[in-house]
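Undergrad: Submitted below is the structure of interest, expressed as structure tokens.
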Amino acid sequence: MNAILTQLTQLSGLGQDWLWTATLVFLRVGAAVFLMPAFGEQVVPQRVRLILALAFTAIVAPAVAPGIMTQGYGFPAAVEVAVGLALGLGMRLFIMALQIAGAIIAQTTSLSQLFGGATPDPQPAIGNLLTVAGLALVVLSGLHVRAASLLIQSYHVLPAGRMPGSGDMADWGLIQIARAFALAFSLAAPFVIASVLYNVALGVISKAMPQLSVSLVGAPVLTAGGLVLMAIVVPLILMFWLGGFEAFLIQPFRPGP
């Protein structure tokens, strides 16, 4: 490692401490970009993700370099990778929330095969549609700027090279997972409520008219109603989801409710 840094110093004319600082920043930023929504998707080529990581490093490094300690090599590098993965996973959980919401909606509206199979990860119902729309929405809302701000802010809470407490990180991870599941159920709540009311009404009609073929009449109505409800509610769902995602980018380490 010292030989590589020495050669880079001679070629670039920069100090060894500055190069090591930039390397530490790249390790955290690269790990976060690997899991970041939109920029870290599997459909994005690895070379593009590498360029994105270098671009974020060029933005973040000058802002945090004065506060980074350059003592040691192996342990600080491992810490930076772990912190970057934690930040990236926190953002990735919001995409998983959309996928979970899509799975819940699929079970309630009989849309399990609609729009499915278009991504590397098979998704039921409108999960793929919600995911693609959500990714487009966060990119249009300035994800690159907010993500750079998040990475810079993370150095105030988790200084470079300092291992965070395992208990604190475990509590933070549990809070993020709980919020992701709560958000997913909140997004799918209109479809769940409509499905329950519809099935109750269908049961009452079946009791009142036993000769009516409930499955023949009910399935098309349920699918058509799900499509109509999707056209009405999905824009509101995406705006609600975007608000939660932006709140995380602003305060990623806020305490749980």
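Undergrad: Is it true that ILE177 is surrounded by 12 or more Cβ atoms within 10 Å (Cβ to Cβ), in contact (Cβ under 8 Å) with a residue 24 or more places away in the chain and on the phi < 0 side of the Ramachandran plot?
TA: Considered against the rule, which asks whether it is surrounded by 12 or more Cβ atoms within 10 Å (Cβ to Cβ), in contact (Cβ under 8 Å) with a residue 24 or more places away in the chain and on the phi < 0 side of the Ramachandran plot, ILE177 comes out as yes.
Undergrad: Same structure again: Picking from VAL228, VAL196, VAL233, which residue would you name as being surrounded by 13 or more Cβ atoms within 10 Å (Cβ to Cβ) and within 15 Å of ILE105 (Cα to Cα)?
TA: VAL233
This table checks each residue for (1) more than 30 Å from PHE245 (Cα to Cα); (2) under 39 Å from the mean Cα position of the chain (by Cα); (3) at pLDDT below 75.
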{"site": "ALA182", "(1), (2), (3)": "no, yes, no"}
{"site": "LEU187", "(1), (2), (3)": "no, yes, no"}
{"site": "LEU212", "(1), (2), (3)": "yes, no, yes"}
{"site": "ALA219", "(1), (2), (3)": "yes, yes, yes"}
{"site": "ALA224", "(1), (2), (3)": "yes, yes, no"}
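Undergrad: Here's something else I'd like to know. Checking the conditions here, which among ALA189, ALA170 is closer than 27 Å to ALA103 by Cβ and surrounded by 14 or more Cβ atoms within 10 Å (Cβ to Cβ)?
TA: ALA189
The values are calculated or read from the model by the stated rules, or taken from the named source; none is laboratory data. Values in this document were obtained by computation on a predicted structure and should not be read as measured data. A quick note on method: Cβ atoms are made from the backbone with ideal geometry, for glycine too, and the neighbour counts reach across all protein chains shown.
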